[in-house]
Amino acid sequence: MLPRWLASLLHRAARAEQPLGPEHATDIDRAMMAKAIDLARHAASMGEVPVGAVIYRPASGDIVAQAHNLRESTADPAGHAELIAIVNAAKAIDDWRLNDLALAVTLEPCAMCAGAVVNARLGRLVFGARDPKAGFCASLGRLTQDRRLNHRVRPIEGVLAAESSQLLRDFFRARRARSNNAT
Ligand SMILES: [Zn+2]
């Protein structure tokens, strides 16, 4: 049995590593997430996994880049919404450092995209639903909060998460139904 002071310290430390809850999102964050959901919906209409991402100035809500998944149409394993948005944002401001910018993405970023968030030094990260199979910001790991890396950002999660996960569920249900009909 741990002494109470140690148990309470460990509990606080574990909680500190969790992403922040949706109550930490601003009205601008929520508006950007709504935009990202629209992009995700568009992705679904093209047969892409419905994930959308917007990069914006967190104080003004000015949009710098936006994207949805394009992996199927481009046969590109790096065709994830938030990675495309990060690359396009850097091009738009002609700087790879995105410290002053925020990313709203409908699904928890994977290891590849969380790595890009760190390498771009993104200032703010907001995501919708968790991805228990591939998410690397909360579910399988917390790459953007790793103290060994030289840039860290604590995500805000759960913003409009119900809508994002509903889109994903509908998409995969429809795809399963199609493949069942085909056989
Ligand atoms: Zn990804």
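Just so you know, all these numbers are worked out from the coordinates, no wet-lab data involved. The structure displayed is predicted, hence computed values, not measured ones. Using ideal geometry, Cβ is built from the backbone for each residue, glycine included, and neighbour counts are taken over all protein chains shown.
Listed values, structure above:
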| item | result |
| --- | --- |
| Helix 161-182 vs. the chain, principal-axis angle (Cα, 0 to 90°, nearest 10) | 40 degrees |
| Rg and Dmax of region 53-179, Cα atoms only, in Å | 14.5, 46 |
| Burial ordering of E23, E157, fewest other beta-carbon atoms within 10 Å first | E23, E157 |
| Karplus-derived HN-Hα couplings along region 84-90 (A = 6.51, B = -1.76, C = 1.60, θ = phi - 60°), whole Hz, x at Gly and Pro | 4, 5, 5, 4, 5, 5, 4 |
| Antiparallel bridge percentage (DSSP; both residues within region 1-155; nearest 5) | 65 percent |
| Cα gyration tensor shape of region 30-100, rounded if a/c is under 1.5, else prolate or oblate by comparing a/b with b/c | oblate |
| Ellipticity estimate at 222 nm from DSSP helix runs (n ≥ 4, -39,500 (n - 2.57)) divided over the chain, nearest 500 | -14000 deg cm²/dmol |
| Options C113, A43, G61, ranked by Cα towards positive dipole end of region 5-142, top entry (Cβ charges) | C113 |
| The chain: relative contact order in percent, alpha carbon pairs under 8 Å with at least 6 residues between | 21 percent |
| Built amide H within the under 5 Å cut-off of G158, gap 5+ | F127, G128 |
| Sites R152 and A78 - FRET efficiency at Förster radius 25 Å, r taken between beta-carbons, to 0.05 | 0.65 |
| Global geometry of region 83-125, whether rounded, prolate or oblate, following the gyration tensor of its Cα atoms and the 1.5 cut on a/c | prolate |
| Contour minus Cα-Cα distance for D62 and A31 (0.36 nm per residue) | 10.1 nm |
| Principal-axis tilt of helix 27-45 within the chain, Cα atoms, nearest 10 degrees | 40 degrees |
